[in-house]
Amino acid sequence: MQKESIMKFAIFGNKHQTKKSKSIEQLFNAIVKHGDSFAIDKPFYDFLCSENFPVPTPNEIITDNNFTADVAISFGGDGTLLRTASRIGKKEIPILGINAGRLGFLTTTSNKDIDSVLEKIHNNEYEIEYRSLIEAVTHGEELTNFPFALNEIAIMKHDSSSMMTIEATLNSSDKITYQADGLIVATPSGSTGYSLSVGGPIIAPEANVLVLTPIAPHSLSARPLVIGDDTVVGIKVYSRSSNYLIAIDGRNESCNEATEITVRKAGYRQLIIRNQGHSFIHNLQEKLMWGADIRE
């Protein structure tokens with residue numbers, strides 16, 4: 001079905017990639033070409049102006065989270081997309097991730113595809129994936145950061161702290177005790193992030209599961225555990241330093257060890273735009289070079 005009405009884009013970007021951000025001009029040209037409008041996040045707009053990039057006059061400057069759009073565009077890497085998701089929150093705005101970073105499992109659109117992808121979006125010819133999120137609920141002190149995560153919620157020691165004891169209770173019943181530097185609760189989307197780097201499994205995004213992945217466990221028998229995504233995970237921490245870090249998609253803050261955490265599936269999902277014909281397995285093959293013979 002074709003749609004000829006004007007679309008509104010909300011653009012968020014990484015302001016630490018000067019060279020790679022030059023292809024932002026392609027994005028602006030594609031938007032203007034179709035007569036669509038765009039709003040842009042103020043820090044990214046200020047960065048582009050300071051670097052003398054040719055930026056068309058935006059229809060709106062985004063200064064807070066009270067914005068509307070048909071599609072949000074994340075221009076950067078997976079970290080930029082995660083920050084974009086936190087800005088969107090519960091608004092049902094799909095995200096197009098344009099990969100101006102390095103690896104990128106969530107940002108599947110490359111610079112060379114910008115024109116064709118924007119044309120398809122303008123014509124309403126795109127596919128949406130629904131990605132689950134998780135939420136951190138504290139019992140004790142309140143979190144200052146956005147409590148929802150598209151990738152993971154990680155409990156970690158402070159850099160100079162000793163190994164912690166972490167008790168994870170599943171559905172107020174089964175208890176698992178970890179002696180480790182931390183514990184990651186990851187969604188399928190987050191299975192290719194921090195969890196993967198410490199030995200967790202790769203999980204297809206449509207799977208209705210979570211994974212508990214210990215960080216540097218003291219016991220060799222401690223292994224990642226895949227659980228149903230309807231499982232409520234209660235977490236208690238015992239630390240010699242009497243505190244710990246909680247990282248919610250990379251947004252870190254310190255908690256007193258008396259603060260207990262409950263991690264549960266969020267009541268909403270994030271919409272991610274997927275290129276037609278581009279699958280999760282294809283992305284893995286491309287990013288991890290599965291099946292590639294790299295011998296000379």
- Backbone HN-Hα couplings from phi across the stretch 136-146 [Karplus 6.51/-1.76/1.60, Hz, Gly and Pro as x]: 9, 10, 9, 10, x, 5, 8, 6, 8, 8, 4
- Query: What list of ³J(HN,Hα) values in whole Hz, one per residue of the stretch 149-162 in order, does the Karplus curve 6.51 cos²θ - 1.76 cosθ + 1.60 (θ = phi - 60°) give from phi, with Gly and Pro shown as x?
  - Reply: 10, 7, 9, 7, 10, 10, 9, 9, 6, 5, 3, 8, 7, 7
- Item | Amide H within-cut-off set for residue 108, under 5 Å, with H built and near neighbours excluded | 97
- Message: Can you give the local net charge around residue 244? Use residues other than it whose beta-carbon is closer than 14 angstrom to its beta-carbon, Lys and Arg +1, Asp and Glu -1.
- Response: -4
- Query: residue 235: net charge of surrounding residues, Cβ under 9 Å, Lys/Arg +1, Asp/Glu -1, itself excluded?
  - Reply: -1
- Query: So how tilted is helix 78-88 from the main axis of the chain? Cα-based, degrees 0 to 90, rounded to 10.
  - Reply: 80
- Task: Sort 137-145, 157-165 for me by packing, meaning the mean count of neighbouring Cβ atoms within 10 Å per residue, highest on top.
- Result: 157-165, 137-145
- Item | Cβ charges +1 (Lys, Arg) and -1 (Asp, Glu), total dipole of the chain, debye | 280
- Pairing the Cα long axis of helix 24-33 with the longest principal axis of the chain, what angle in degrees results, from 0 to 90 and rounded to the nearest 10? 50
- Here the net charge surrounding residue 190, from other residues whose Cβ is less than 11 Å away from its Cβ (Lys, Arg +1; Asp, Glu -1), is -2
- In whole percents, the bins of 5 Å from zero upward hold the Cα-Cα pairs of the chain as 1, 5, 11, 15, 16, 14, 12, 10, 7, 5, 2, 1, 0
- Message: Expected output is a single nm value to one decimal: the length gained when fully extending between residue 220 and residue 42, i.e. 0.36 nm times separation in residues minus the C-alpha distance. What is it?
- Response: 59.3 nm
- How high is the FRET efficiency from residue 286 to residue 262, r the C-beta distance, R0 35 Å, rounded to 0.05? 0.45
- Message: For residue 62, what residues show an amide H to amide H distance below 5 Å, using hydrogens built from the backbone and excluding near sequence neighbours?
- Response: 40, 41, 42
- ³J(HN,Hα) across the stretch 112-126 via Karplus (A = 6.51, B = -1.76, C = 1.60, θ = phi - 60°), whole Hz, x for Gly/Pro? 5, 9, 4, 4, 5, 5, 5, 5, 5, 5, 4, 8, 6, 10, 8
- Message: Charges on Cβ only, +1 for Lys and Arg, -1 for Asp and Glu, centred on the Cα centroid of the chain; of 62, 184, 197, which one is farthest towards the dipole's positive end?
- Response: 197
- Task: Only bridges with both residues in the chain count here: give the DSSP antiparallel percent, nearest 5.
- Result: 75
- Note on the structure: Here FRET efficiency (C-beta to C-beta, residue 110 to residue 293, R₀ 22 Å, nearest 0.05) is 0.45
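Using 0.36 nm times the number of residues separating residue 173 and residue 127, minus their current alpha carbon distance, what extension gain do you get?
12.6 nm
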- Query: Given H placed 1.01 Å from N in the peptide plane, which residues other than close sequence neighbours of residue 229 have an amide H under 5 Å from its amide H?
  - Reply: 209, 210
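All of the numbers you see were taken from the coordinates with simple rules; none came from a lab. Just so we're clear, the structure is a prediction, and the values are computed from it rather than from any experiment. We place every Cβ from the backbone using ideal geometry, glycine too, and count neighbours over all the protein chains shown.
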